[in-house]
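Since every read-out is calculated from the coordinates, none of them should be taken as a lab result. Remember, predicted model here, so these are calculated numbers, not experimental data.
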Amino acid sequence: MIELRDVRYTWPHAASDCLAIDTLSVGAARTLFLHGPSGAGKSTLLGLLAGVLRKEKEGRSAGPMTPASA
């Protein structure tokens with residue numbers, strides 16, 4: 001299960017957040033379909049969930065991004 005609350009991500013030199021999630025919950029063994037135009041934040045969300053973007057120092061993230069206990 002994945003739960004996100006108040007997650008934000010801002011790219012360097014950006015005027016506003018490129019990703020802003022108030023609440024997102026995906027249950028165990030569920031499928032999530034991400035759909036949106038280019039630049040909507042789909043890859044940014046996946047990068048945050050994978051831990052790739054949190055390790056980079058160029059952007060800013062806020063909010064807890066840990067898998068919920070099963």
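Details
- Computed lengthening from THR31 to VAL52, 0.36 nm per intervening residue step minus Cα-Cα distance: 5.5 nm
- Between SER38 and ARG8, full extension at 0.36 nm per residue minus the direct alpha carbon distance yields a gain of 9.0 nm.
- Residue-wise HN-Hα coupling along the stretch 28-37, computed from phi with Karplus coefficients 6.51, -1.76, 1.60 (Hz; x: Gly, Pro): 4, 6, 9, 10, 10, 9, 9, 9, x, x
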